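The values are calculated or read from the model by the stated rules, or taken from the named source; none is laboratory data. As the structure is a computational prediction, the values presented were derived from the model and not from experiment. Because the Cβ atoms are built from the backbone with ideal geometry, glycine has one as well, and the counts that use them run over all protein chains shown. We work out accessible area using only protein heavy atoms, side chains counted, and drop any ligands, DNA or RNA first. Shrake-Rupley method; radii C 1.70, N 1.55, O 1.52, S 1.80 Å.
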Amino acid sequence: MGFFIDKIPTPLSPNRDGDFIKEGTGFSRIFAPTYNLVLLFIFLFLTGSYFYNLHFRKPRGEKQPLLGEAAKAPSKFTLYYRRVRSVLLYQPKGRYSESYGTTLVIASYLGLNAFYLFFHGSTRHVTIFGDRLGFIAVTNMPILFLLGAKTGLLVQWTGWSHEGYNILHRHAGRVVASAAVLHVVFYSLACPISVMVHVTTIFVALLATISFVIILISSIAPLRNKTYELFLYLHVYLVVAILPLLYFHFERVRPYVIASAVIFVWDRINRFKNAHHVIAHTTILSGNTVKLSLNVNSTFREIHWKAGQYVYISIANLARQQAHPFTIASPPNPNNLDLIIRARKGFSKSLFLSESPEHKVTFHGPYGSPPVFDGYDRVILLAGGAGISYAYPEAIQLSAADGHYAGANPDVDFLWVVPSRDFTSWVDLKEDYNVDFKVWVTAEQGRPDIKKYVKDSIIAAGPGSRVAVAVCGPGPLVRDSRNACSEMLWEGLNVSFYSENFGW
């Protein structure tokens, strides 16, 4: 007898073939697919809501009440609605804490999986429970791949920010990897691993599980931040290996594997279709920062983008087979697409230290569905450091005499927090842009009280005003501005909040 056998001999696993076990595993195989129907319904609801808000919800026509007319107090329903939004928006302190709304979404996702894991007596036997765990792992794989797609599918259909779906992607990954590991653990209680490893269909699943464990460990935040390039390589190559391994594991998981593979291939094809090959020039800026200017005139087709969108770039001679996301730091124009890149580790540091001022760059995009500020009386733009990449083009677009907001430009309150004065050379803060570019230099002025600043600006907009706060920067800046909006919502003011960052 060779190393591999077709199936486990019954004497070595006598407790796996009872009638109630067959009934339990049979129910799991019928029940598990309904999980994807639930997710599909949620996805269609979110897509429909986004489509309605985008195309049918009309902005308010007048910015302020007519002369002598007092602003109407919000109705009780509106006040309660804003207070619910206030609670969901609030973010407690903590390095890895999320807003209560995000936490609720994550808890609902985990709760749904817990329901599908324990429903209908799945704990009656280790085999039944192990079988259910296996289905939890594979039924979550399509949504995991969808959340991990770089070409912005979920952004286009639901309006989610990159930050939002990346958070969900990480939690879905933890569910898939943890369920796969526990699937092996509970099956090993019914039959020893030393026996199962000789079964071909189980051996390939063990290899897939080991791959999941490696991805899970490399995804731990401190380790991921220190070795991002390694994390990226492991993510791509191990995922490619996992799909065929699971395909040959068990016939009933193949539809989920095929769906995941289709999403993966579709994403890669879209990257190829959206790819542009250009020459880019670098300019060294203060604060270990480099500006990468892409000559979009050299592309075969015109590149159009909106303020707040982002692209993925690759520079083969610095980091082969890597694509890194950066917010576009220049207003839409036909010549240059500028990116502001802080030198940290790996790719960004290599770019900063490169002696060559010219690079062949491949980029795909633009992606993202940044907020549209139609009907707002005031827009408060907050940036910290490289967060200027979002705030700067947005401010210019909002204040332009032509373009989308022409004739109904909201008041723009712009604040950029920087460590030192020489950071202002990153962008052109010209007065003729009709924007009051306020710069707060922490080396000279200390740390700003962001919560007070945001509250004062919202109140200054006047009673009944509709105010949007958009922020891009480090965690404390985002949290303080978010919580200021939360407190204003609790008091009944009409405030919307938007944040964007690329935390990994």
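When you go through Arg301, Arg271, Arg254 one by one, which is the residue that is within 30 Å of Thr139 (Cβ to Cβ), of a type outside the set (S, T, N, Q) and over 27 Å from the mean Cα position of the chain (by Cα)? Before you say what the answer is, go through the steps one by one.
Working: Arg301 fails: within 30 Å of Thr139 (Cβ to Cβ); Arg271 fails: over 27 Å from the mean Cα position of the chain (by Cα).
Going through Arg301, Arg271, Arg254 in turn, just one is within 30 Å of Thr139 (Cβ to Cβ), of a type outside the set (S, T, N, Q) and over 27 Å from the mean Cα position of the chain (by Cα): Arg254.
Does the stretch 263-274 contain any residue that is among the acidic types (Asp, Glu) and either touching a helix residue (DSSP H, G or I) at 6+ places or on another chain (Cβ under 7 Å) or open to solvent by 70 Å² or more (accessible area, probe 1.4 Å) (or both)?
Quick first cut of the stretch 263-274, residues among the acidic types (Asp, Glu) only: 267.
Then keep just the ones that are either touching a helix residue (DSSP H, G or I) at 6+ places or on another chain (Cβ under 7 Å) or open to solvent by 70 Å² or more (accessible area, probe 1.4 Å) (or both); that gives none.
For the stretch 263-274, residues among the acidic types (Asp, Glu) and either touching a helix residue (DSSP H, G or I) at 6+ places or on another chain (Cβ under 7 Å) or open to solvent by 70 Å² or more (accessible area, probe 1.4 Å) (or both): absent.
Look through the stretch 434-448, keep the residues that are more than 15 Å from Arg421 (Cβ to Cβ) and open to solvent by 90 Å² or more (accessible area, probe 1.4 Å), and return whichever of them is modelled with the lowest pLDDT.
Filtering the stretch 434-448 for residues that are more than 15 Å from Arg421 (Cβ to Cβ) and open to solvent by 90 Å² or more (accessible area, probe 1.4 Å), the one modelled with the lowest pLDDT comes out as Asn434.
Being touching a His at 6+ places or on another chain (Cβ under 6 Å) and under 17 Å from His364 (Cβ atoms) is the filter; apply it to the stretch 251-294 and report the residue that is modelled with the highest pLDDT. Spell out the reasoning first.
Narrowing the stretch 251-294 to residues touching a His at 6+ places or on another chain (Cβ under 6 Å): 271, 274-275, 280, 293.
If we keep only those that are under 17 Å from His364 (Cβ atoms) too, we end up with 271, 274-275, 280.
Numbers: Arg271: 84, Asn274: 80, Ala275: 84, Ala280: 90.
Selected residue: Ala280.
Tell me, yes or no, whether the stretch 82-97 has at least one residue that is modelled with pLDDT of 85 or more, in a helix (DSSP H, G or I), among the basic types (Lys, Arg) and open to solvent by less than 50 Å² (accessible area, probe 1.4 Å). Full working, then the answer.
Our first condition is that a residue be modelled with pLDDT of 85 or more; within the stretch 82-97, this holds for 82-93, 97.
From what is left, the residues that are in a helix (DSSP H, G or I) are 82-89.
Subset that is among the basic types (Lys, Arg): 82-83, 85.
From what is left, the residues that are open to solvent by less than 50 Å² (accessible area, probe 1.4 Å) are 82.
Yes, because at least one residue in the stretch 82-97 is modelled with pLDDT of 85 or more, in a helix (DSSP H, G or I), among the basic types (Lys, Arg) and open to solvent by less than 50 Å² (accessible area, probe 1.4 Å).
Would you point out which residue out of Thr151, Thr201 is assigned to a helix (DSSP H, G or I), out of contact with any Gly (no Cβ under 8 Å at 6 or more places or on another chain) and either open to solvent by less than 30 Å² (accessible area, probe 1.4 Å) or over 28 Å from Tyr390 (Cβ atoms) (or both)?
On the way: Thr151 fails: assigned to a helix (DSSP H, G or I).
Only one candidate qualifies: Thr201.
Go through (1) at pLDDT 90 or above; (2) within 22 Å of Lys451 (Cα to Cα) one by one and return the number of the condition Pro393 breaks.
Exception for Pro393: condition (2).
Being under 20 Å from Pro393 (Cα atoms), open to solvent by 60 Å² or more (accessible area, probe 1.4 Å) and in a loop (DSSP other than H, G, I, E, B) is the filter here; which residues of the stretch 279-331 pass it?
Glu302, His304, Lys306
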